[in-house]
Amino acid sequence: MPGSGAAFAAAEGNVGGLTLAFAPERQAWRNEGSDTCWVEHTEDGQPFLIVPVGDSADSRLFIELSSYGSDLAEARHALHLAIRGFEEESDLADASRHLVGLAVVAYCRAVLHSNVRGRLTDHVAVPDGFVRVHDLVKTYRNATVAHSQSELAVTYAVGVLETDTLRVRDVTGPTVLVPLPNRVVRDFLELIDVMERRLDLIIEPVRHRLMKKLGELDRRRVEAAVRPEITEKWAHEFNPRTKRPRYPSGHTLYWDVADYEAVDE
């Protein structure tokens, strides 16, 4: 039942654009973005040893850069689904506008101010050819997606009357929503692709420095590394008003009763 534990459980993250997840029932990392699913053993059949990299300036920088990669990957995935929805008779047609909004929010998480990290653009410059779409996406987020201010979402007061008698049958308030044009959505996707590639170039030297430092540790120090503390609570205790540190020491999982019963089975 919910409590506190030192084992990784159902944690998700991104390492240089690679989204990973950890599930308690398998005790292994899996790659969400490929066909390889579970990575449990080395080529000679021996299990991998998964250990946290210790707190340092480089590990904090790596965590911050990788968190931007997670946001960009979320935005890219949402846009790919949205573009599929543009196709005729697609099952995603009704969801495309909402998926574009999700992509806008995910991208802007990376490039706008945060209380716990810097901006992606502090590390990766937006190419000159994409500055316009970058600014357009931010404005669209601020004036339409996150706040209802622009005329891209307009609500009217409309009366419904019988044609012959002018008898009033109803007064209704339809909202007209103007989505991002398909061409802009595709430009947005190109922007994300470019930013991901540039981010990977920034991450790689940091990754190699951390790998070198980790390789210098002996087995005793490696196995003694402190694992993240995973706290488990019930869904009714869910609390979004938290603030993570730059070097996280753990996180909280929330369980529904149905989820817990499924694990017991």
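Looking at (1) exposed (fewer than 14 other Cβ atoms within 10 Å of the Cβ); (2) free of Cβ contacts under 8 Å to residues at least 12 places away in the same chain; (3) within 16 Å of residue 50 (Cα to Cα), find the lone condition where residue 217 falls short.
For residue 217, the exception is condition (1).
Need the failing condition index for residue 109 against (1) farther than 21 Å from residue 65 by Cβ; (2) among the charged types (D, E, K, R); (3) in contact with an Asp or Glu (Cβ under 7 Å, 6 or more places away or on another chain), just the number.
So the condition that residue 109 fails would be (1).
If a residue has to be outside any loop (DSSP other than H, G, I, E, B), surrounded by fewer than 19 Cβ atoms within 10 Å (Cβ to Cβ) and in contact (Cβ under 8 Å) with a residue 24 or more places away in the chain to count, how many in segment 78-99 make the cut?
3
Of the residues 186, 97, 119, only one is at pLDDT below 95 and closer than 19 Å to residue 76 by Cβ; which?
Every option except 97 fails the conditions.
Could you grab me the full set of residues in segment 111-125 that are in a loop (DSSP other than H, G, I, E, B) and under 20 Å from the mean Cα position of the chain (by Cα)?
112, 113, 114, 115, 116, 117, 118, 119, 123, 124
Does residue 240 count as free of Cβ contacts under 8 Å to residues at least 12 places away in the same chain, loosely packed, with under 14 Cβ neighbours inside 10 Å, farther than 27 Å from residue 137 by Cβ and under 25 Å from the mean Cα position of the chain (by Cα)?
It is false that residue 240 is free of Cβ contacts under 8 Å to residues at least 12 places away in the same chain, loosely packed, with under 14 Cβ neighbours inside 10 Å, farther than 27 Å from residue 137 by Cβ and under 25 Å from the mean Cα position of the chain (by Cα).
Can you tell me which condition residue 181 does not meet? The list is (1) over 29 Å from residue 95 (Cβ atoms); (2) free of Cβ contacts under 8 Å to residues at least 12 places away in the same chain, and all the others hold.
Exception for residue 181: condition (1).
Looking at 165, 155, which one is exposed (fewer than 11 other Cβ atoms within 10 Å of the Cβ), farther than 30 Å from residue 243 by Cα and at pLDDT 95 or above?
165
What do you reckon, is residue 135 assigned to a strand (DSSP E or B) and acidic (Asp, Glu)?
It is false that residue 135 is assigned to a strand (DSSP E or B) and acidic (Asp, Glu).
If you take just the strands (runs of 3 or more DSSP E) that sit entirely in segment 158-265, which of them hold at least 1 residues that are touching a Leu at 6+ places or on another chain (Cβ under 9 Å)?
Per the criteria, 168-172, 175-177, 229-234.
The values are calculated or read from the model by the stated rules, or taken from the named source; none is laboratory data. Bear in mind that the values here come from a model prediction, so they are computed numbers and not experimental data. Glycine also receives a Cβ, built like all others from the backbone with ideal geometry; neighbour counts cover every protein chain displayed.
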